[in-house]
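Trainee: Can you read through this structure? Questions will come right after.
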Amino acid sequence: EPGPRPEETDSTEDPTSTAIDEAVPSIDQAPAEPLFDPEQQQVALRALSQGKIPGGPGADLRGLDMRGRKLGGAAWSEADLRASRLDGARLERAQLMGADLRGASMDGARLTGARMDRAILPKVRLDGSRMRDVVLHEALLPGASLVDVDLRSADLRHADLRGANLTGADLRRTRLEG
């Protein structure tokens, strides 16, 4: 006997996950293109090898491995940083307004004083990061993992935190209105 038709099956889909996916397209919905332009990757890697910060506003830095790098003051507003590796990176005072960080890993990153207004960070892992005085005004953080993050004096006004895990996060003096 054939099994039930798809329309007859009981849906056990996680409503939080569905809402997140509707709010922000997942990295899987990105155009089918190379993760990183090979020419731009060589330029970025050369800059990193010289101790310089690659890219600039609107830069394509998809998939770049910058773990543990000193990137303080990086000017990456509107940059495409999807699937980049930023674990342990020092991004103090970085300018990441409107940056797309879907699929990026940022565990243990130092983002003190960074500007991340309107940044796209769904389901991003920021566990153990230092984010004192960071501005995440109107940022999209649905489903993000912010376990044990130092968010003291951060600005999270109007940020989308649906389904975000803030276990152990230090939220003293953090602005959460909206």
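Trainee: Name the residue that is farthest from P38 (Cα to Cα), counting only residues in segment 74-96 that are open to solvent by 40 Å² or more (accessible area, probe 1.4 Å) and more than 11 Å from the chain's Cα centre (by Cα).
Mentor: Once the filter is applied, the top-ranked residue is R93.
Trainee: Give me the pairs, please: first residue somewhere in segment 37-59 and farther than 13 Å from S77 by Cβ, second residue anywhere and open to solvent by 50 Å² or more (accessible area, probe 1.4 Å) and in a helix (DSSP H, G or I), beta-carbon distance under 8 Å, and either six or more positions apart or on two chains.
Mentor: If the second residue must be open to solvent by 50 Å² or more (accessible area, probe 1.4 Å) and in a helix (DSSP H, G or I), the pairs left are P54/V43; P54/L45.
Trainee: Another one. Quick one: is D107 free of Cβ contacts under 8 Å to residues at least 24 places away in the same chain, farther than 18 Å from R132 by Cβ, in a loop (DSSP other than H, G, I, E, B) and among the charged types (D, E, K, R)?
Mentor: no
Trainee: Do any residues in segment 147-160 that are on the phi > 0 side of the Ramachandran plot and among the aromatic types (F, W, Y) have Cβ atoms under 8 Å from those of residues that are open to solvent by less than 20 Å² (accessible area, probe 1.4 Å) and part of a loop (DSSP other than H, G, I, E, B), where the two are at least six apart or on different chains, and which pairs are they?
Mentor: Correct list of pairs: empty, since none qualify.
Trainee: If you don't mind, there's one more thing I want to ask. Kindly establish whether G163 is of a type in the set (G, A, S), more than 24 Å from Q50 (Cα to Cα), open to solvent by 60 Å² or more (accessible area, probe 1.4 Å) and over 14 Å from the mean Cα position of the chain (by Cα).
Mentor: Answer is no for this residue.
Trainee: If only one of L136, L101, L121, L140 is under 17 Å from P54 (Cα atoms), within 14 Å of the chain's Cα centre (by Cα) and at pLDDT 95 or above, which one is it?
Mentor: Being under 17 Å from P54 (Cα atoms), within 14 Å of the chain's Cα centre (by Cα) and at pLDDT 95 or above holds for just one of L136, L101, L121, L140, which is L101.
Trainee: Hey, another quick one. With respect to the numbered conditions (1) basic (K, R); (2) assigned to a loop (DSSP other than H, G, I, E, B); (3) at pLDDT below 95, which one is the sole condition not fulfilled by R46?
Mentor: R46 satisfies all of (1) basic (K, R); (2) assigned to a loop (DSSP other than H, G, I, E, B); (3) at pLDDT below 95 except (2).
Trainee: Residue check: is S145 open to solvent by 30 Å² or more (accessible area, probe 1.4 Å) and of a type in the set (S, T, N, Q)?
Mentor: no
The values are calculated or read from the model by the stated rules, or taken from the named source; none is laboratory data. Keep in mind that this is a model prediction, so the values were computed, not measured. Note: ideal-geometry Cβ built from the backbone for every residue, glycine included; neighbour counts use all protein chains shown. Heavy atoms of the whole protein, side chains included, go into the accessibility calculation; ligands, DNA and RNA do not. Shrake-Rupley method; radii C 1.70, N 1.55, O 1.52, S 1.80 Å.
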